[in-house]
Amino acid sequence: MSEMSRLRPGDTIGILGGGQLGRMLAQSAASLGLKTHVLCPDPDSPAFEVCTTFTVAAYDDMEALDLFAGSVGVVTYEFENVPGETAAYLDARVPVRPGARALEIAQDRLFEKRFLSGAGVPIARFAEIASQADLETALADFGGKGVLKTRRFGYDGKGQQMIRTPADAAGAFDRLGAVPAVLEDLVSFDCEVSVIAARDVNGDTACYDLARNHHEDHILKTSTVPAGVSRETAHAARSMAERIVSGLDYVGVMGVEMFLVKDATGEKLLVNEIAPRVHNSGHWTQDACLCSQFDQHVRAVAGWPLGTAERHSDAVMENLIGADVDGWEAVLADPSARLHLYGKSQTRAGRKMGHVNRISTRISAQVSAKTG
Ligand code: AMP
């Protein structure tokens, strides 16, 4: 690695996106003596309150991107839908981490599935869908059931349709917007879990303990660690996440979402999707680990070595969504609860306003190891 691509204290990380993830990245960067420059089109971005400099500009504003690139030592992002041209334009001027390949894979469910199966990572059976006829053919194969998802721009259950009956299937391709899609097997899972993995510029990796995730209205509500899975499952999750970050030559933190399936043969994991960024289901690491996912991401993209992913406490992270945030005083009344608020001026239904980490003495033997 060249000295050029390793930041020194006082250098600046550029962050695309100014939401709560960008905000918490900027806070971690500041605690490590690094400056941040956040670029986001929304003038009311939560990250603007805590970063060193910000630019309000569209992601395709080349003039703004030139100035942005000239002011930072490295660029990272807090959301996966960074336009490919923006990433390429910046990458010609300054290192972009994680790199273009991770973005390309994470932005397209078909590319993602091909990559994951090529890397030997178990996923649900899938078929490429470009028409209603494709859908009918695939459904015949899948026993008439499945989840139809747009290849691009789907999140929190948007851009997808559950198909359980012939009535669900009729016209489903058009209802989804007649856009390129994939059909997945309808997985009968026991629960959803996720792993936060990190990889540095030298290829060293670190994985946090598996979290068990509970969603309400398609939005993450809680993440609980330990996840209550077998030692073998925890090990399998970690090795899948490591295979993914290594296979992408990835630099930074990644969220890997999985389904835990239980049957007569025991527990097994299927990867649902990857997020090439810090992840909501990793917020518990802020208070249950020495090095949070945000610190870890900053260290990785700065070209610094990773910190430990070891967990010193058990934790339950609860998202404060919409009016939940009005309960902030009750949270403060609990001495073992750590309140994190994002400084958003407007409360809206479904909007992530903050989260609470409830920490307790660690009782599980599940350990995280840093591997080389
Ligand atoms: P996604 O946008 O892929 O994260 O999916 C949103 C939610 O839909 C997931 O958290 C699951 O609860 C559910 N889901 C997605 N894919 C499947 C699947 N293949 N089988 C069953 N449920 C799914």
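Laboratory data are not the source of any read-out in this text; all were calculated from the coordinates shown. In this text the structure is predicted, and so the values were computed from the model without any measurement. When we count neighbours, we look across all protein chains shown, and the Cβ atoms used for this are built from the backbone with ideal geometry, even at glycine.
Within segment 161-174, how many residues turn out to be within 16 Å of the ligand (Cβ to nearest atom) and either surrounded by 14 or more Cβ atoms within 10 Å (Cβ to Cβ) or in contact (Cβ under 8 Å) with a residue 40 or more places away in the chain (or both)?
First pass over segment 161-174, keeping only residues within 16 Å of the ligand (Cβ to nearest atom): 161-165, 168-169, 172.
Of the ones still in play, those that are also either surrounded by 14 or more Cβ atoms within 10 Å (Cβ to Cβ) or in contact (Cβ under 8 Å) with a residue 40 or more places away in the chain (or both) are 161, 163, 168-169, 172.
Matching residues across segment 161-174 total 5.
Take the residues of segment 231-252 that are part of a helix (DSSP H, G or I) and within 14 Å of the chain's Cα centre (by Cα): which is farthest from the ligand (Cβ to nearest atom)?
Val245
Search segment 215-230 for residues being part of a loop (DSSP other than H, G, I, E, B) and not acidic (Asp, Glu), and hand back the single one that is nearest to the chain's Cα centre (by Cα).
The first filter runs over segment 215-230 and keeps only residues part of a loop (DSSP other than H, G, I, E, B), leaving 217-218, 226-230.
Checking which are not acidic (Asp, Glu) leaves us with 218, 226-230.
On the way: His218: 15, Pro226: 19, Ala227: 18, Gly228: 21, Val229: 21, Ser230: 24 Å.
Step by step, filter segment 215-230, then rank; the result is His218.
Identify all residues within segment 276-290 that are more than 17 Å from His340 (Cβ to Cβ) and surrounded by fewer than 21 Cβ atoms within 10 Å (Cβ to Cβ); write none if there are none.
Leu290 - this is the single residue of segment 276-290 that is more than 17 Å from His340 (Cβ to Cβ) and surrounded by fewer than 21 Cβ atoms within 10 Å (Cβ to Cβ).
Every residue, every condition in (1) touching a Ser or Thr at 6+ places or on another chain (Cβ under 8 Å); (2) of a type in the set (S, T, N, Q), yes or no:
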{"site": "Thr224", "(1), (2)": "no, yes"}
{"site": "Ile244", "(1), (2)": "no, no"}
{"site": "Val253", "(1), (2)": "no, no"}
{"site": "Glu257", "(1), (2)": "yes, no"}
{"site": "Gly266", "(1), (2)": "yes, no"}
{"site": "Trp284", "(1), (2)": "yes, no"}
{"site": "Ala288", "(1), (2)": "yes, no"}
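Consider Asp249 against the criteria (1) surrounded by fewer than 24 Cβ atoms within 10 Å (Cβ to Cβ); (2) in contact with an Asp or Glu (Cβ under 9 Å, 6 or more places away or on another chain): it satisfies all of them except one. Which criterion is unmet?
So the condition that Asp249 fails would be (2).
Restricting segment 55-79 to residues that are part of a helix (DSSP H, G or I) and charged (D, E, K, R), which is nearest to the chain's Cα centre (by Cα)?
Asp66
Looking at segment 298-320, can you tell me whether even one residue there is within 15 Å of the ligand (Cβ to nearest atom) and out of contact with any helix residue (DSSP H, G or I) (no Cβ under 6 Å at 6 or more places or on another chain)?
Yes, segment 298-320 has at least one match.
Can you name every residue in segment 136-159 that is within 15 Å of the ligand (Cβ to nearest atom) and over 16 Å from Glu80 (Cα atoms)?
Answer for segment 136-159, where residues must be within 15 Å of the ligand (Cβ to nearest atom) and over 16 Å from Glu80 (Cα atoms): Ala138, Leu139, Asp141, Phe142, Gly143, Gly144, Lys145, Gly146, Val147, Leu148, Lys149.
Identify, from the list Gly303, Gly307, the residue that is of a type outside the set (S, T, N, Q), in contact with a strand residue (DSSP E or B) (Cβ under 9 Å, 6 or more places away or on another chain) and surrounded by 21 or more Cβ atoms within 10 Å (Cβ to Cβ). So that I can check it myself, show each step before the final result.
On the way: Gly307 fails: surrounded by 21 or more Cβ atoms within 10 Å (Cβ to Cβ).
None of the other options fit; the residue is Gly303.
Count, please, the residues in segment 180-214 that happen to be among the β-branched types (Val, Ile, Thr), within 15 Å of the ligand (Cβ to nearest atom) and part of a strand (DSSP E or B).
3
Looking only at segment 307-314, decide whether some residue is free of Cβ contacts under 8 Å to residues at least 60 places away in the same chain, over 21 Å from the mean Cα position of the chain (by Cα) and closer than 17 Å to Arg212 by Cα.
Scanning segment 307-314, I find at least one residue that is free of Cβ contacts under 8 Å to residues at least 60 places away in the same chain, over 21 Å from the mean Cα position of the chain (by Cα) and closer than 17 Å to Arg212 by Cα, so the answer is yes.
Name every residue in segment 191-206 that is of a type in the set (Gly, Ala, Ser) and within 14 Å of the chain's Cα centre (by Cα), in order of residue number.
Ser194, Ala197, Ala198
Tally time: how many residues in segment 171-212 are in contact with a helix residue (DSSP H, G or I) (Cβ under 8 Å, 6 or more places away or on another chain) and closer than 20 Å to Glu242 by Cα? It would help to see each step written out before you state the result.
In the first step, residues of segment 171-212 are kept if they are in contact with a helix residue (DSSP H, G or I) (Cβ under 8 Å, 6 or more places away or on another chain); the result is 171-174, 180-183, 193-201, 203, 205-211.
Among the residues that remain, those that are also closer than 20 Å to Glu242 by Cα are: 193-201, 203, 205-211.
Count: 17.
Name the residue, out of Gly177, Gly228, that is touching a strand residue (DSSP E or B) at 6+ places or on another chain (Cβ under 9 Å), on the phi > 0 side of the Ramachandran plot and away from the ligand (no atom under 16 Å from the Cβ).
Exactly one residue qualifies, and that residue is Gly228.
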